[in-house]
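Beneath this line is the structure, given in structure tokens, with notes to follow.
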Amino acid sequence: MPDQVHILSLSCEDRPGIVAAVTTELASIGANIAESSQFWDRRTNRFFMRIAFAAPGETSREHLERALKSPIERFSMKTALVDAGRKPKIIIMVSKFDHAMLHLLYQIRVGWLNAEVAAVVSNHEDSRRAAELEGIPFHYWPVDKGNKAEQEEKLLGLAKETGAELIVLARYMQVFSDNLSKRLYGRAINIHHSFLPSFKGAKPYHQAFERGVKLIGATAHYVTPDLDEGPIIEQETERVTHAMSAEDFVAVGRDIESRVLARAVKLHLESRVMLNDHKTVVF
């Protein structure tokens, strides 16, 4: 039976012996470490670690959990253990602008992004055809003040029904309620232009054009009740010039948003992102 690759993520108060305790237990069951990253946040005295390891094929999850129980309890660790060979399920939410969604679907199709799209949810019909061409269930759920709470409960139900572990807001232009944001904390990723809070509201690229900015970009972050201020996962910027039009700015922005969101989703699904208060540790 071939070896099974697992990923262990952990965080705890920093003190000597953490790495040794974990790796000793992994060695005791014949596991081979393929990748290891760690970080000590001196400000909070929190220690973060991600280990990818190959365990003998006959090793059960229960055996792994028993082996790791001692260091987990000794250091009061917060841990997550996942099978690296799994294909995580995600739900993509989109409104009218579909560039970020289409890029995600392409990266999944070519195998760079290891995920299964359980559903596409939209408050517009525009993306139905693209979803159906990929064989993905499409849910048209228009949102207004009267049905917002009901639609959000439907989203939670869909995530539970499909087993989706991540909600991806690929230019979904509806704001989650505080209640939904809290319930999905660490499980919902949004993409937005990096001009916030400088250029809020409609047509941010046109506002940037009018102000003559020299850099534009995008930010992928976890959704929180504080609008567009959640822990940042990934960012990118690109230079622009006075010779470019507002439409050129929009085109550059579309490309950046698509790339940044895809990278953020990949980092999350590979268990490379760990929450650290209002920030993230990204391995």
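Miscellaneous remarks
- Farthest towards the positive end of the charge dipole of the range 4-83, among the residues THR44, LEU10, PRO56, is the Cα of THR44, using unit charges on the Cβ of Lys, Arg, Asp and Glu.
- Packing here is the average count of other Cβ atoms within 10 Å per residue, and on that basis the peptides 30-40, 229-239, highest first, run 229-239, 30-40.
- Computed over the chain: relative contact order in percent, which uses C-alpha pairs under 8 Å that are six or more apart: 16
- GNM flexibility winner over the chain from ALA115, ALA130, ALA52 (Cα, springs under 10 Å): ALA130
- Over the range 244-283 - Rg/Rh using Cα atoms and the Kirkwood inverse-distance radius: 1.21
- Dipole magnitude for the chain: computed about the Cα centre from +1 point charges on Lys and Arg Cβ and -1 point charges on Asp and Glu Cβ, it is near 380 debye.
- Rh (Kirkwood; distinct C-alpha pairs) - the range 4-83, Å: 12.7
- Rounded to the nearest 20 debye, the dipole magnitude of the range 4-83 is 340 debye, with +1 charges on Lys and Arg beta carbons, -1 on Asp and Glu beta carbons, and the Cα centre as origin.
- Between the range 54-82 and the range 177-226, the alpha-carbon center distance in angstrom: 38
- Computed from the Kirkwood radius of its Cα pairs, the Stokes-Einstein diffusion coefficient for the range 147-283 at 37 °C and 0.692 mPa s stands at 207 µm²/s.
- Distribution of pairwise C-alpha distances over the range 137-217, 5 Å bins, in %: 3, 11, 20, 20, 15, 12, 10, 6, 2, 0
- MET244/ASP178 FRET efficiency (R0 30 Å; Cβ-Cβ; nearest 0.05): 0.20
- Residue order, fewest to most surrounding Cβ atoms within 10 angstrom, among VAL252, VAL265: VAL252, VAL265
- Between amide H atoms placed 1.01 Å from N, distances below 5 Å from LEU113 occur with ILE108, all of them 5 or more places distant or on a separate chain.
- In Hz, Karplus ³J(HN,Hα) per residue of the range 124-136 (6.51, -1.76, 1.60; θ = phi - 60°; x = Gly, Pro): 9, 8, 3, 9, 4, 4, 4, 5, 5, 5, 8, x, 9
- Cα Rg over Rh - the chain, Kirkwood: 1.01
- Residues SER271, SER177 arranged by fewest to most Cβ contacts within 10 Å: SER177, SER271
Laboratory data are not the source of any read-out in this text; all were calculated from the coordinates shown. All values reported here derive from a predicted model rather than from experimental measurement. Positions of Cβ are backbone-derived with ideal geometry, glycine not excepted, and every protein chain shown enters the neighbour counts.
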